Amino acid sequence: MPDSSIILQLVARKGMVSQEQIVAVEEGLDRKSDDTLFEALVRKGFLERKLVFKALAEEFSMRFVDLDAMDLPKEPSEYLEETLARQFRAFPLEIENGSLQVAISDPLEVESIDSLSHMLKAPIEPVLADGKQIERAINERYYRRNGEDSEGGGNAEIEEADVQLRDETVGTGQDSLDESDAPIIRLVQVIIAEAIRKQASDIHFEPLERRFRVRLRVDGELQEMSSPPSKSLQLPVISRIKVMGRLSIAEKRLPQDGRIQVRVEGVDYDLRVSSLPTAYGESIVMRILDKTGLMKGLPELGFLSDDQEDFEKLITLPDGILLVTGPTGSGKTTTLYSCLNFVNKPDRKIITVEDPIEYQMPGINQVPVRKRIGMTFSAALKAMLRQAPNIIMVGEIRDKETAEIAINASLTGHMVFSTLHTNDAPSAVTRLVDIGVKPYLVATSLRASMAQRLVRRICPDCSRPHEPTRRELAAIGLTREAFGEARFMKGVGCPRCHNRGVKGRFGIFEIFEVNDEIEKLIYSGGTSAQMRSVAKELGMRTMREDGVRKVLAGLTSVEEILSVTVDEPTAST
């Protein structure tokens, strides 16, 4: 909102209000109130707000917009995060001719617009709007301060669920917070809502020597929030999170795990909370589990049509073991849940054993591991077999006992899904043998293993044709003649992807099927390198080769494939 004196000079010069009216209202103005002379003139009916801001826009050669008469973006945080919107008292509208239109109420705030443009790394075109309309739009379209639904329909709602889903969590000894904690509660809620709007997978609260840093992991990359809390807020913020996660606020020496359930814009999310004592205080990481990810189909995971067809055949087999392999954070759990969603039919009984249960799925019996009372993976598996399931999902095979029970289950007519931590698909065989499973059991039970990695998707809104260099082509084993008319793409950056050129992630895969030749190799104690060589001769496509196909399809970049796959000199399409 511009200074009241500037507005009064303008409206007086344009004859919108008389000097007598100004003097009369000024004399009756309560000096103790925060009301300005301009607001008092509007309240008395001497001025109309819309006409005043139109005149201001004309005076400063700006475009005027009436926010109340416009269809505002339902997801303004895709263009401008809430902390910046409130800091600059600005509301994003739309992208036009490559510039983000932002509504402001003070035409003299040129430096602020330049600062905002610099922070977003994108050109901004300011338009003028009523300051009260901007404030209302921010409150309605971003998370509302009172946490209730608004008529605008774009607000976020966060509800703390009074549940405890982990036996390991300890009572807080604190039932509620007093009014002085309201700003801290609000701060934590805004951070969570902002992370969810940005589709972050993790929120990191990190105590450093001189400051308290908050970072979000978006598409696999950590990004520091624009206005992280000061060091003085470290203890109250961490205490608030521990209260929400049902952790002990008195215990600061040992790691703790907990869980929080929130609702944002009508969608339920689970947050897995981990605290770890460090030199400068407790580090908190909140992993965001988006329940909408359960409904992902196989194409959304990143499968191309031929791999999808092969994979669907594997997951609908009547018995055997299917393993999904890869490092932590490679999307194994999401793939397993998508498999369960695909095979979840009324005529099938599905039981899972997980540590912890990450997503709760309708129609499926899910068993949590509780080591403290003896409910381990192996104990749960033994009990599950007496429940006559068709399909079993084991969160992870970690030891010989769990592996042998899972294999015996597959040999007695059950289909078993699970995960292993290996770098490629053939290594799943040698990993099982290494933990003590007999090779002949592996050979007869394992139907396939699939390794995967996540790569960032080129932003569809700003993707442009890209001519690769010879060095890039050589790095993935291609020549210019090899890819023919295929077009490489690259994101140039836009406000929707926060000028990164990428938005979202998908998988690249390596499907290793066990056939007669592979079985013989397993029986004879063949190495993973030998099995890999035979599988490639029989048509197995490596992760590097699958990645190259998706580069040629314009879905991702050469750099992404090189960053997550090992060198495959013979890779080709």
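Of everything in region 79-110 that is touching a Ser or Thr at 6+ places or on another chain (Cβ under 8 Å) and assigned to a helix (DSSP H, G or I), the residue that is nearest to CYS462 (Cα to Cα) is LEU84. When LYS503 is tested against (1) within 32 Å of the chain's Cα centre (by Cα); (2) more than 27 Å from LYS332 (Cβ to Cβ), only condition (2) is not met.
Taken over region 407-431, the criterion of being in contact with a Leu (Cβ under 9 Å, 6 or more places away or on another chain), open to solvent by 10 Å² or more (accessible area, probe 1.4 Å) and either β-branched (Val, Ile, Thr) or in a helix (DSSP H, G or I) (or both) is satisfied by ASN408, LEU411, THR412, THR422, SER427, ARG431. A count restricted to region 181-207 and to residues that are touching a Phe, Trp or Tyr at 6+ places or on another chain (Cβ under 6 Å) and not in a helix (DSSP H, G or I) stands at 1. Only one of the listed residues (ASP347, ASP290, ASP307) is of a type in the set (Asp, Glu) and in contact with a Lys or Arg (Cβ under 8 Å, 6 or more places away or on another chain). That residue is ASP307.
On inspection, LYS74 qualifies as outside any strand (DSSP E or B), of a type in the set (Lys, Arg) and closer than 20 Å to ILE191 by Cα. From the list ALA482, ALA553, ALA529, the lone residue that is out of contact with any helix residue (DSSP H, G or I) (no Cβ under 6 Å at 6 or more places or on another chain), open to solvent by 30 Å² or more (accessible area, probe 1.4 Å), at pLDDT below 85 and hydrophobic (A, V, I, L, M, F, W, C) is ALA482. Among the conditions (1) within 19 Å of the chain's Cα centre (by Cα); (2) open to solvent by 50 Å² or more (accessible area, probe 1.4 Å); (3) not basic (Lys, Arg), SER305 misses just one, which is (1). For HIS498, the conditions (1) modelled with pLDDT of 80 or more; (2) under 28 Å from LEU100 (Cα atoms); (3) surrounded by 12 or more Cβ atoms within 10 Å (Cβ to Cβ) are fulfilled apart from (1).
Summed over region 355-365, the residues that are buried (at least 18 other Cβ atoms within 10 Å of the Cβ) and modelled with pLDDT of 85 or more give a count of 1. LYS313 meets all of the listed conditions (1) at pLDDT 90 or above; (2) open to solvent by less than 20 Å² (accessible area, probe 1.4 Å) but one, namely (2). Test SER248 against the criterion of being more than 16 Å from VAL188 (Cβ to Cβ) and open to solvent by less than 40 Å² (accessible area, probe 1.4 Å), and give yes or no. Here the answer is yes, as SER248 does meet what is asked. Evaluation of LYS520 against the conditions (1) basic (Lys, Arg); (2) open to solvent by 70 Å² or more (accessible area, probe 1.4 Å); (3) modelled with pLDDT under 90 shows that the sole unmet condition is (3).
Out of all the residues in region 443-460, is one or more of a type outside the set (Val, Ile, Thr) and assigned to a loop (DSSP other than H, G, I, E, B)? Yes; the residues of region 443-460 include at least one that is of a type outside the set (Val, Ile, Thr) and assigned to a loop (DSSP other than H, G, I, E, B). Residue count for region 8-28 satisfying the condition of being surrounded by 10 or more Cβ atoms within 10 Å (Cβ to Cβ), at pLDDT below 70 and not hydrophobic (A, V, I, L, M, F, W, C): 1. Which of the residues spanning region 369-389 are surrounded by 14 or more Cβ atoms within 10 Å (Cβ to Cβ) and in contact (Cβ under 8 Å) with a residue 60 or more places away in the chain? Matches in region 369-389: ARG370 only. Could you list all residues from region 371-388 that are in contact with a strand residue (DSSP E or B) (Cβ under 7 Å, 6 or more places away or on another chain) and either under 19 Å from ASP257 (Cβ atoms) or part of a helix (DSSP H, G or I) (or both)? Selection gives PHE377, ALA380, LEU381, MET384. Put simply, of LEU441, LEU420, LEU385 the only residue that is touching a helix residue (DSSP H, G or I) at 6+ places or on another chain (Cβ under 9 Å), modelled with pLDDT under 90 and of a type outside the set (Asp, Glu) is LEU385. Selection within region 303-357: residues that are touching a residue at least 40 places away in the same chain (Cβ under 8 Å) and acidic (Asp, Glu). The member of this set that is nearest to GLY504 (Cα to Cα) is ASP307. For region 223-279, residues that are more than 30 Å from SER117 (Cα to Cα), small (Gly, Ala, Ser) and not in a helix (DSSP H, G or I) total 8.
Note on region 168-224: residues that are at positive phi and modelled with pLDDT of 80 or more total 3.
The values are calculated or read from the model by the stated rules, or taken from the named source; none is laboratory data. Note that this is a predicted model, so its numbers are computed, not measured. Positions of Cβ are generated from backbone atoms using ideal geometry, with glycine treated the same way; all protein chains shown enter the neighbour counts. Accessible surface is based on the protein model in full, side chains and every heavy atom, while ligands, DNA and RNA are left aside. Shrake-Rupley method; radii C 1.70, N 1.55, O 1.52, S 1.80 Å.
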